[in-house]
Amino acid sequence: MGGSTLSLLHDRTFNYTGDSQAQELCLYLTKAASVPYFEILEKWIYRGIIKDPYSEFMVEEHELQKEKIQEDYNDKYWDQRYTIVQHRIPSFLQKMADKILSTGKYLNVVRECGRDVTCPDAKEILYTLKERAYVEQIEKSYYYASKVLLDFLMEEKELVARLRSIKHYFLMDKGDFFVHFMDLTEEELKKPVDDIVPPRLEALLELALRMSTANTDPFKDDLKIDLMPHDVITQLLRVLAIETKQEKAIINADPTEVALSGLEAFSFDYIVKWPLSLIINRKALTRYQMLFRHIFYCKHVERLLCNVWISNKTAKQYALHRAKWFAAAFALRQRMLNFVQNIQYYMMFEVMEPTWHIMENNLKSASNIDDVLCHHTSFLDNCLKDCMLTNPELLKIFSKLMSVCVMFTNCMQRFTQSMKLDQEMNRLSLEHGTMKGPPTQSERTVEQERKRLTSKFLAEHVEALQSDSGFEATISKFDSNFSTLLLDLLDKLSVYSTNDCEHSMINIIYRLDFNGFYTERLERMAIERSQKAAA
């Protein structure tokens, strides 16, 4: 029945080329049999409607809701709503099957947005032995459908402006917005995720949007806050384990005992409505979220290290510079800050920005929605890959490096807390006078003596503190852990960049080893590795 009957009749008609009477009879039968099939085909390629009561047509419709695209990560609406049934394709339409499917799909999207779409070149399609006749009709309707949908998405629905809006927030395009936002939410996000009040975060987000240049973005109200159940590394490892041997082990693993802080669970979400949700679907948004969470956590670690730098400035006024360990702590903080900042610059200026420009240029020349989908997916995949987010090995080392930096900042902050007495003393200072008038000379002398004694006491207290708690050993341990992990990361990167020709990843090595500080040790590690391989 259906397409297979037409295939049989078409093949017979061709086989009777030498017998004109038999061919005429077969031609008559095929023409008559193809009328209802071509009626269904016309409705599909000219209006995007399937009216197929006896399930004979080559395109089959499945019950899928377009609303699901926003919710379900693996929802395959675009691929599975309409599919081709191979045995129902008439042999004379085999070459055009994909174009027939796409034509109706494109028109269907516009029609579901409440638009009436009818191809202006709609002509009746009749069966003929000259294939060119209906091939031309199908191609005309295909080009019309792809142009209608592309114009609808690009111009009326402002797809590129939407993508730019997502870039502002998820790829941290608006620097001042993030400074405002992180300043406003710092105290709230330090709490455990269960203690955070989402409406309060939403209010702070709105305030940050209104106070910064993001206020000019017409789509800013679609930005929402999302608190995730896992930290970004766990989420990435779970995604990377899909369809691998480790999948069950990772999914069934006990959840970590450590309660997530707001900073580790925090992410943005974005409201996208049909038909833009075809391009910016849940799968694409999840990738944007991973990139965002990765950079956001780097920004957080950078802020912690900068705070340590500020508190270290206070410590410098004491006689601590004599202590070797304190100089070592200063140097280690600087190396950590250099690492975190360079990783961020690499991701933002050497990966995301150039890849984004390539995508924007490609979108200008896209001829249909499948091209747009392909360019957008390719952009996200390249960003994830070049930001080291698709390689579990690199990801684990990076995660450990970040943990070492956070533990180091906590340790340094605990140490400098003991110097806060100094600030209290300044607050009680007489320098600005009292209600009775400016301070007298004798009061100033007493004040200075008191300051000198307190400063001496604090310096002694801090010196005693560091000797009691074995501070030197602690800093030395942090230093060796950080150096080992960083060398391991650089070594792995040099291997990947030579094996897989991942040229952009090698830029990290040049950034972090800009003065050749690690070169000798990296060369030594490479020699050891080649010796092991030879053995």
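The values are calculated or read from the model by the stated rules, or taken from the named source; none is laboratory data. Remember, it's a predicted structure, so these values are computed and weren't measured experimentally. As a convention, Cβ positions derive from the backbone with ideal geometry for all residues, glycine included, and neighbour counts pool all protein chains shown. Side chains are part of the model used for accessible areas, which takes the heavy atoms of the whole protein and leaves out ligands, DNA and RNA. Shrake-Rupley method; radii C 1.70, N 1.55, O 1.52, S 1.80 Å.
Here are the numbers for the structure shown:
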{"item": "Gain in span if fully extended, MET407 to ARG521, counting 0.36 nm per residue against the direct Cα distance", "result": "38.5 nm"}
{"item": "Per-selection metrics, the stretch 1-55 (Cα): Rg and Dmax in Å", "result": "13.3, 40"}
{"item": "At R0 = 30 Å, FRET efficiency that the Cβ-Cβ distance of TRP274 and ARG303 yields, to 0.05", "result": "0.20"}
{"item": "Sequence-distant residues sharing a close amide H with LYS224 (under 5 Å, placed H)", "result": "ASP269, TYR270, ILE271"}
{"item": "Percent carbon-and-sulfur accessible area, the stretch 104-192, ignoring ligands, DNA and RNA, probe 1.4 Å", "result": "49 percent"}
